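The values are calculated or read from the model by the stated rules, or taken from the named source; none is laboratory data. In this text, all values refer to a predicted model and were calculated from it rather than measured experimentally. Note: ideal-geometry Cβ built from the backbone for every residue, glycine included; neighbour counts use all protein chains shown.
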C-alpha cells in the first residue's frame, strides 16, 4: 500500500460528471475542501449523453474517512460516485502509452510485460494470459496477485471478441473482462483481468484492453 509523505493513504475515486466547462474544477474544489490532496485525474470515458467518467487519484490524511469525499461529490449537481477504494499500485496513474512502451521495449516477452502493466494501467487487482497446452488451459503469464485457475477458464479461450465475463462463485465479488488474440504462430491466447468489488468494466475500458492485447500480440517476437 502506498502512503504519502505525510502518512496519508492513497485512494482511487471513479466519478461521473457533466462534461461541461467548470465541472472538473468544481469537483476538484469540493474534494480539496473535504481534505483530499489530488495527485492525478484521468478521463476514462466520454459519453454521448454529455457526461464523462474520470478516475481521481488522491491522498487522504489518516483521520479522514473516504465517505466524506462521497458526500462532498454528491453535493454537486449532476455528479455521481461510481466507486472509491484504496489504491495500491503506486502514486501515479499509468497511461496507455507508458504501458505500450513497456512491452514494445521487450518484444521477446511482450505478452508477459503486458500482463505485468495491465493492473496499473486499468486499475485492476490482477491479470493473466491463458493459452492451451496439450489440451489443458494454462497460464502463459500472470501477475503476482492473480488467483489460481478455475475450470471455467477453459471456456474463456473460446471467446472471439473483447468482453465482460460473467462473475464466478469461486471468485466472489470479482468483476472480470477478457480479450483474445493470436500470436505470430497463430496460437490463440486470452488476457483476463479482475477487480475485487468493482467497479464494473466500462465499454471504453474493454475496447482499450482489446487494442492493447492485439498490439502486444503483434509485437511478441517469439
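Does region 120-127 contain any residue that is in the same structural domain as residue 202 (by TED's automatic domain parsing), crowded, with 17+ Cβ neighbours inside 10 Å, at pLDDT 95 or above and in contact with a strand residue (DSSP E or B) (Cβ under 7 Å, 6 or more places away or on another chain)? Can you show your working first?
Narrowing region 120-127 to residues in the same structural domain as residue 202 (by TED's automatic domain parsing): 120-127.
Restricting the remaining residues to those that are crowded, with 17+ Cβ neighbours inside 10 Å gives 120-127.
Those still in the list that are at pLDDT 95 or above too: 126-127.
Okay, now just the ones that are also in contact with a strand residue (DSSP E or B) (Cβ under 7 Å, 6 or more places away or on another chain), so 126-127.
Yes, that holds for at least one residue.
For residue 150, state whether it is in contact with a helix residue (DSSP H, G or I) (Cβ under 9 Å, 6 or more places away or on another chain), surrounded by fewer than 15 Cβ atoms within 10 Å (Cβ to Cβ), free of Cβ contacts under 8 Å to residues at least 24 places away in the same chain and more than 30 Å from residue 11 (Cα to Cα). Lay out the reasoning, then the answer.
Numbers: in contact with a helix residue (DSSP H, G or I) (Cβ under 9 Å, 6 or more places away or on another chain): yes; surrounded by fewer than 15 Cβ atoms within 10 Å (Cβ to Cβ): yes; free of Cβ contacts under 8 Å to residues at least 24 places away in the same chain: yes; more than 30 Å from residue 11 (Cα to Cα): yes.
For residue 150, the condition - in contact with a helix residue (DSSP H, G or I) (Cβ under 9 Å, 6 or more places away or on another chain), surrounded by fewer than 15 Cβ atoms within 10 Å (Cβ to Cβ), free of Cβ contacts under 8 Å to residues at least 24 places away in the same chain and more than 30 Å from residue 11 (Cα to Cα) - is met.
With respect to the stated conditions, residue 62 is out of contact with any helix residue (DSSP H, G or I) (no Cβ under 8 Å at 6 or more places or on another chain) and modelled with pLDDT under 90.
If only residues of region 74-113 that are modelled with pLDDT under 70 and over 19 Å from residue 145 (Cβ atoms) are counted, the one that is surrounded by the fewest Cβ atoms within 10 Å (Cβ to Cβ) is 97. Every listed requirement among (1) over 25 Å from the mean Cα position of the chain (by Cα); (2) surrounded by 17 or more Cβ atoms within 10 Å (Cβ to Cβ) is met by residue 44 save one, (1).
Inspect region 76-94 for any residue being farther than 30 Å from residue 189 by Cβ and part of a helix (DSSP H, G or I) and give the result as yes or no. Checking region 76-94: not a single residue is farther than 30 Å from residue 189 by Cβ and part of a helix (DSSP H, G or I). Looking only at residues of region 193-208 that are at pLDDT 90 or above and either outside the structural domain of residue 104 (by TED's automatic domain parsing) or under 9 Å from the mean Cα position of the chain (by Cα) (or both), we find that the one that is surrounded by the most Cβ atoms within 10 Å (Cβ to Cβ) is 193.
Among all residues of region 178-196, there is at least one that is within 17 Å of residue 137 (Cα to Cα), in a loop (DSSP other than H, G, I, E, B) and without any contact (Cβ under 8 Å) to a residue 60 or more places away in the chain. Of the listed requirements (1) closer than 21 Å to residue 65 by Cβ; (2) crowded, with 16+ Cβ neighbours inside 10 Å; (3) modelled with pLDDT of 85 or more, residue 28 misses just one: (2).
Taking the condition closer than 21 Å to residue 202 by Cβ and surrounded by 15 or more Cβ atoms within 10 Å (Cβ to Cβ), does residue 177 pass? Criteria met by residue 177.
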